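Working notes, structure below.
The values are calculated or read from the model by the stated rules, or taken from the named source; none is laboratory data. Quick caveat, the model's predicted, so the values are computed rather than measured. For neighbour counting, all protein chains shown are included, and Cβ atoms are generated from backbone atoms with ideal geometry for every residue, glycine included.
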Amino acid sequence: MRIDDYLRLVPKTELHCHFVSTMSAARLIQLADRYGVALPTTDPEALFAYDDLADFLVAFRAATDVLRSADDLAQVAYDGVRADVAAGSLRYREYYVNPQYFAPKGLGYRDLMDPIIDGLRAAESDLGVGFRIVVAINRQESAASAFELVETVLDNPLPEVVGIGQDDLTPELTEDPGRFADAYALARSHGLRATAHVGERPVDSPANVRVAMDVLKVDRIDHGYRIVDDAELTARARDSHIHFATTPWSTTICSGWTIDPQHRIRRMIDEGLSVSFSSDDAVFFRTSVAREFTEALPLMGLGVDDARRIALAGIDGAFCDDDTKATLRARFAAEMLALDTALAEGSSTLGSAA
């Protein structure tokens, strides 16, 4: 067994995955043609070319326009799981779903969530990949709209929906996580878990991570890379065991960073923070959770031992219940034992042949 095979086959969770991005490029182009949604090009290489995060978000919002029917939503949900199981041993995933993007098209909360959950349940039954959903606040919208969204979530309880988050950027192109403090307080008071996209870009401040931790009282941070520029905050995060759902490949586009041993994610790992790898927006960034392990991880100067720790940290940071976590840990332990044995036997054989 080669190291890249090991990294591809090591069992994985994915905690930072936007549902729309699990749609394949071919399906996106097909649905755009079906519904008359204009795309700048039907060439995937050109379609997914962006200057920065703000530029990408324009394309992301446009892509939601092609998901209009229950059948389409359920099929995209199922196909996305199948593709990542085949590519890289996906075992559990948490999705960010933005109901505010879909509301203008006449899709109510349950119109959106029910078919997505149906597709993910079918994939869980067929392929054994567990899932949960985090309802994400669109920061383009107002604080009042965010509060109403949380009320809708609470009025329509679904066992698969376990938390809230926030993504996109404000109309001022900032993160400003504290703007939605009231929505978070309401969610927490009813037992929902909380996360937030903060500290992602060079222009963003470590103070945004601090607001997420101290004001929003999140259980998990999405991105959070700027935290390593604040030693005191980094120490607090390490001591509190807060988890960071990072997305290495997206930083090359949204932040313009090179993936190398000096990358902020590598620094976060070296500082002892709890870090997992995810794809963020797979189709738009031409990545997958498998690619994050097979390509980004080695470029950071990390190896097999780090891959195991990152994979297991994803279980720790998940919003599922303790029984589900215990089942995942046992499954991961068994699969890693088999992979470790194959890797050791392969190394021994190579050594003998030499």
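On the basis of being over 27 Å from residue 324 (Cα atoms), modelled with pLDDT of 95 or more and not basic (Lys, Arg), does residue 148 make the cut? Answer is yes for this residue. Screening the candidates 121, 61, 68, 91 for the property of being basic (Lys, Arg) and out of contact with any helix residue (DSSP H, G or I) (no Cβ under 8 Å at 6 or more places or on another chain) yields one hit, 121.
Taking the condition free of Cβ contacts under 8 Å to residues at least 24 places away in the same chain and among the hydrophobic types (A, V, I, L, M, F, W, C), does residue 123 pass? For residue 123, the condition - free of Cβ contacts under 8 Å to residues at least 24 places away in the same chain and among the hydrophobic types (A, V, I, L, M, F, W, C) - is not met.
Considering only the range 77-86, I want to know if a residue exists there that is part of a helix (DSSP H, G or I), crowded, with 19+ Cβ neighbours inside 10 Å, over 16 Å from the mean Cα position of the chain (by Cα) and of a type outside the set (A, V, I, L, M). Yes, that holds for at least one residue.
Which of the following residues is under 21 Å from the mean Cα position of the chain (by Cα) and touching a residue at least 60 places away in the same chain (Cβ under 8 Å): 204, 219? Result: 219 is the single residue among 204, 219 that is under 21 Å from the mean Cα position of the chain (by Cα) and touching a residue at least 60 places away in the same chain (Cβ under 8 Å). For the range 1-11, indicate whether the set of residues that are among the hydrophobic types (A, V, I, L, M, F, W, C), part of a strand (DSSP E or B) and touching a Gly at 6+ places or on another chain (Cβ under 7 Å) is non-empty. No, because not a single residue in the range 1-11 is among the hydrophobic types (A, V, I, L, M, F, W, C), part of a strand (DSSP E or B) and touching a Gly at 6+ places or on another chain (Cβ under 7 Å). Reported count of residues in the range 157-172, each being hydroxyl-bearing (Ser, Thr, Tyr) and either under 14 Å from the mean Cα position of the chain (by Cα) or under 24 Å from residue 92 (Cα atoms) (or both), is 0. Considering the range 196-239, and only residues there that are part of a helix (DSSP H, G or I) and in contact with a Gly (Cβ under 7 Å, 6 or more places away or on another chain), the residue that is surrounded by the most Cβ atoms within 10 Å (Cβ to Cβ) turns out to be 209. When residues in the range 103-157 are screened for being of a type in the set (Lys, Arg) and assigned to a loop (DSSP other than H, G, I, E, B), 1 of them pass.
Of all residues in the range 60-76, those being aliphatic (A, V, I, L, M) and either surrounded by fewer than 18 Cβ atoms within 10 Å (Cβ to Cβ) or within 12 Å of residue 129 (Cα to Cα) (or both) number 2.
Here's the yes/no breakdown for (1) surrounded by 19 or more Cβ atoms within 10 Å (Cβ to Cβ); (2) not acidic (Asp, Glu):
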| site | (1), (2) |
| --- | --- |
| 245 | yes, yes |
| 252 | no, yes |
| 257 | no, yes |
| 260 | no, no |
| 263 | yes, yes |
| 278 | yes, yes |
| 308 | no, yes |
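Just one of the listed residues (258, 294, 324, 252) is under 18 Å from residue 9 (Cα atoms) and of a type in the set (Val, Ile, Thr), and it is 294. Residue check: is residue 173 in contact (Cβ under 8 Å) with a residue 40 or more places away in the chain and surrounded by fewer than 17 Cβ atoms within 10 Å (Cβ to Cβ)? Against the criterion (in contact (Cβ under 8 Å) with a residue 40 or more places away in the chain and surrounded by fewer than 17 Cβ atoms within 10 Å (Cβ to Cβ)), residue 173 qualifies. Screening 54, 83 for residues that are in contact (Cβ under 8 Å) with a residue 24 or more places away in the chain, closer than 27 Å to residue 175 by Cα and either in contact with a helix residue (DSSP H, G or I) (Cβ under 6 Å, 6 or more places away or on another chain) or among the hydrophobic types (A, V, I, L, M, F, W, C) (or both) leaves exactly one candidate, 54.
Within the range 12-32, track down each residue that is under 27 Å from residue 316 (Cα atoms) and in a helix (DSSP H, G or I). Those that are under 27 Å from residue 316 (Cα atoms) and in a helix (DSSP H, G or I): 19, 20, 21, 22.
Listed here are the residues, each with its yes/no results for (1) modelled with pLDDT of 95 or more; (2) crowded, with 16+ Cβ neighbours inside 10 Å.
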position	(1), (2)
6	yes, yes
12	yes, yes
20	no, yes
26	no, no
29	no, yes
41	no, no
47	no, yes
54	no, no
58	no, no
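Of the residues examined, residue 90 is one that is at pLDDT 95 or above, buried (at least 16 other Cβ atoms within 10 Å of the Cβ) and not small (Gly, Ala, Ser). Look at the range 254-266: where a residue is more than 25 Å from residue 305 (Cα to Cα) and a partner is of a type outside the set (Ser, Thr, Tyr) and in a loop (DSSP other than H, G, I, E, B), sitting 6+ places away or on another chain with Cβ atoms under 8 Å, you get 254/52; 254/200; 254/201; 255/200; 255/201; 255/202; 256/52; 256/202.
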